[in-house]
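Have a look at the structure below, then the notes.
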Amino acid sequence: MSTLLPCYVLLDLETTGGTPTQDRITEIGLIRYENGVETGRWNTLINPGINIPPFIQRLTGITQDMVDHAPTFSQVCETLLQWLDQAVLCAHNARFDYGFLKNEFKRIGVTFQKKLLCTVQLSRKLYPQHHSHSLNAIIERFRLVCDQRHRAMGDTEMMAAFIDVAMHELGEATIQEMALTLLKQPAIPVGLDHLDIDTLPATFGVYLFHGDSAVLYVGKSVSLRSRVFNHFQGDHRSAKEMRIAQEIKRVEYRITGGELGALLLESRLIKDFQPIHNRQLRRERQLCSWQVSRDPNAKPLVTLINDSDIDWRTADHVYGTFKTKRQAVEVLSKLADEYGLCDKALGLEKGAGVCFAHQLKHCKGLCAGRESAESHWLRLLTALSQYRLLTWPYAGRIGIRERNPEYAITEIHIFDQWCHLGTVKDYQELDELSAWPRFDRDTYRYLLKFLPRKNVEIIALHG
């Protein structure tokens, strides 16, 4: 007889989505063990009180009709607590399941606290040579047979089968040692509920630090759990981290399909909430850019335009994304001085005769007839080249698909003319997106970084 822990419950949930504060539980499946012996199992559908999205119904096979007459969570909570009594709660991506349980209990006024063991983390400790530790990967690796994948009891049985295989391969002592190591809890700020932190998953997403009445900070990471703990471990290394540690009351997280989704969501949430400890990615007013005339003899050679006036499919002579007209003029004036450009030709100075910069020998003499318009125009393009904005390289809208298989999340980020139109989970949602793109400097930078990558899945949505 092999024993993982003296008393533990393997549990899996099916839900309406991936956000514990918004989505709800649709099914619970669990198996209880005491001293290495299975003492019982329990499985029930749950009426979530909200609609199950079509893609979730397709994934799990749990339809709206199946749950409409099922018991609500409040009706089964006492039974669930009896099954979990004095047991360590074990689950695959345990913080995901624990987050849903904690929020369901909170809605009915019950404080739910349990020691937690994650079988994903256990697999990583036991089999560090393998890259993936998703349930699909474990099933394939150990050739397990699952009759009901993405159903609560079917996935719970796969966890039990994995532990059994690991016991036979590595021995009871090794498994117990790793399990006890994972049960140790790191320190967190005193104002924060330790159990909120236990729900943080080690995957892509965005986290929000809440104070008493406002969002303190928004961040993103490819591993939410480790990034958040890095904040707390460094709370005495900077004044900002110390203030966050003193003010934080709650941590919220949102799982995304990948790194780009986390960047886009972080940028949007920072602009929406304006957290007091975020300095970058704040909401921007309408940006402006310099547009250079195609005619070297034009007066002026450059025109300041708003980002909303740019056609990104033909924007081959547009430069810079400036927050204010003053910033744009300061940059152009500095470049004019550095490259010997004529302030009058650029529209920076009015009046007749040569420009003042020529009198100071900073202008190379376009206004005095000592330089051709073509030569001056080419030097202007060289001066502005570091600020050049690229034309949109596609005929229309594109999608970038990201997949997070451990959480069964697929997202398609829709873009047109460097603008993020929105993120959808399937093509049926495309018609709901905005038809009026709004340029955002952060999104532009993200796309310049991601589009050249070889592993980026780009979907043409035009034509």
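The values are calculated or read from the model by the stated rules, or taken from the named source; none is laboratory data. The shown structure was predicted, so the numbers you read here are calculated from the model rather than taken from an experiment. Neighbour counts run over all protein chains shown; Cβ positions are idealised from the backbone, glycine included.
Okay, here's what the table says:
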read-out: Region 34-56, subset among the polar types (S, T, N, Q) and within 21 Å of Lys115 (Cα to Cα), residue surrounded by the fewest Cβ atoms within 10 Å (Cβ to Cβ); value: Asn35
read-out: Residue selected from region 314-369 under the condition in contact with a Ser or Thr (Cβ under 9 Å, 6 or more places away or on another chain), outside any helix (DSSP H, G or I) and hydroxyl-bearing (Ser, Thr, Tyr), by the criterion surrounded by the fewest Cβ atoms within 10 Å (Cβ to Cβ); value: Thr314
read-out: Near pairs, Cβ below 7 angstrom, 6+ apart or cross-chain, from region 278-300 (farther than 20 Å from Thr321 by Cβ and of a type in the set (D, E, K, R)) to any residue that is crowded, with 17+ Cβ neighbours inside 10 Å and modelled with pLDDT of 90 or more; value: Lys299/Ala345
read-out: For Ile31: the one exception among (1) surrounded by 21 or more Cβ atoms within 10 Å (Cβ to Cβ); (2) free of Cβ contacts under 8 Å to residues at least 60 places away in the same chain; (3) not in a helix (DSSP H, G or I); value: (2)
read-out: Members of region 205-222 found to be among the charged types (D, E, K, R) and closer than 26 Å to Asn404 by Cβ, listed by number; value: Lys220
read-out: Inter-residue pairs, beta-carbon under 7 Å, first in contact (Cβ under 8 Å) with a residue 40 or more places away in the chain and in region 148-170, second among the aromatic types (Phe, Trp, Tyr), 6+ apart; value: Phe162/Phe142
read-out: Any hit, region 70-89, residues being of a type outside the set (Phe, Trp, Tyr) and part of a strand (DSSP E or B); value: yes
read-out: Of all residues making up region 421-441, the number that are modelled with pLDDT of 90 or more and either surrounded by fewer than 14 Cβ atoms within 10 Å (Cβ to Cβ) or within 22 Å of Asp307 (Cβ to Cβ) (or both); value: 3
read-out: Of residues in region 229-249 being at pLDDT 75 or above, in contact with an Asp or Glu (Cβ under 8 Å, 6 or more places away or on another chain) and of a type in the set (A, V, I, L, M), the one farthest from Leu192 (Cα to Cα); value: Ile244
read-out: Failed item, numbered, when Arg95 is tested on (1) surrounded by fewer than 16 Cβ atoms within 10 Å (Cβ to Cβ); (2) in a helix (DSSP H, G or I); (3) of a type in the set (Lys, Arg); value: (1)
read-out: One residue from Asp12, Asp85 being crowded, with 21+ Cβ neighbours inside 10 Å and of a type outside the set (Phe, Trp, Tyr); value: Asp12
read-out: Residue check for Leu360: touching a residue at least 40 places away in the same chain (Cβ under 8 Å) and farther than 14 Å from Cys288 by Cβ; value: no
read-out: Condition broken by Leu281, with the remaining ones in (1) modelled with pLDDT under 90; (2) crowded, with 16+ Cβ neighbours inside 10 Å; (3) at negative phi; (4) not aromatic (Phe, Trp, Tyr) satisfied; value: (3)
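Yes/no matrix, rows are residues, columns are (1) closer than 15 Å to Glu157 by Cα; (2) assigned by TED's automatic domain parsing to the domain that holds Val76; (3) in contact with a helix residue (DSSP H, G or I) (Cβ under 6 Å, 6 or more places away or on another chain):
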site	(1), (2), (3)
Pro20	no, yes, yes
Asp23	no, yes, no
Trp42	yes, yes, yes
Ile52	no, yes, yes
